[in-house]
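The values are calculated or read from the model by the stated rules, or taken from the named source; none is laboratory data. Model, not experiment: these values are computed from the prediction. Note that we place each Cβ from the backbone using ideal geometry, even for glycine, and neighbour counts take in every protein chain shown. Accessible surface is based on the protein model in full, side chains and every heavy atom, while ligands, DNA and RNA are left aside. Shrake-Rupley method; radii C 1.70, N 1.55, O 1.52, S 1.80 Å.
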Amino acid sequence: MELGLVTSNADKVRELAAALEPAGHTVAQRALEYPEVQATTLAEVVEFGLERLAQRHAGEALLIDDAGLFIDALGGFPGVYSRYAYDTIGPAGVLALLGDGAERSAEFRCVLGLLLPDGGRQQFRGSCRGRITRALRGDGGFGYDPVFVPAGDERTFAELPLAEKNAVSHRGRALAALVAYLGDSG
């Protein structure tokens, strides 16, 4: 199945393509715009986006993605506001907010939204527990990858090869659920 990924982030396209293409699905970046609602959950943001895309792009197979970094010591911040926090204070600012605090546990969460050509909609969720580093590490990945170490590893997402990251990441887990739903070759 050919899926249009609605994003301006080329790194997301690369991650999704690496997970979907082995199962026979192609991913093409789509420069479609839709308003992103401010909501309290990632699922609400995705549902709102799917509704808007369904109104304007009926008959297409489209994917949208919303993800966030939920840091326990910060009461779940930046959470659904991860993109805004990234654009304003960045990963270094998040490290500054945590300071020398010992509590550094966190969870990455992702919700993928699928709009089917027949108008049907599905959501797929994934999460990954881990911890926040004390300094930026690694030059791969994107976003908060240089400050997040998944549970059971000592490397940040930015230090992991893409295939290893996709196997354990929040987005990788949501993608696995999407691939299971689509099956091989759509």
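The residues of the chain present an accessible area of 47 Å² per residue when probed at 1.4 Å with all protein chains retained.
Taking the accessible area of the range 29-149, probe 1.4 Å, and keeping the other protein chains in place, the carbon and sulfur fraction comes to 50%. Applying a DSSP loop filter and a limit of 16 other Cβ atoms within 10 Å to the GluC sites (Glu not before Pro) in the range 98-186 leaves 103, 154. Residues of the range 144-165 falling in the label zone of residue 9, defined by backbone nitrogen less than 20 Å from a point 7 Å along Cα to beta-carbon, are 144-151, 156-165. Database remark: amide H of residue 29 closer than 5 angstrom to the amide H of 5 (H placed geometrically; neighbours at sequence offset of 5 or more, or on other chains; Pro and chain starts carry no H).
Per-residue Karplus couplings for the range 22-38, computed as 6.51 cos²θ - 1.76 cosθ + 1.60 with θ equal to phi - 60°, are listed in order as x, 8, x, 10, 9, 10, 10, 5, 10, 8, 9, 10, 8, x, 9, 6, 7 Hz, Gly and Pro entered as x. Applying a DSSP loop filter and a limit of 12 other Cβ atoms within 10 Å to the GluC sites (Glu not before Pro) in the range 1-86 leaves 33. Working from label points 7 Å from Cα in the Cα-to-Cβ sense, the residue 125 to residue 58 distance is 3.1 nm.
Only helices enter this figure: runs of n ≥ 4 DSSP H residues, each worth -39500 (n - 2.57), summed and divided by the residues of the chain, yield -10000 deg cm²/dmol at 222 nm to the nearest 500.
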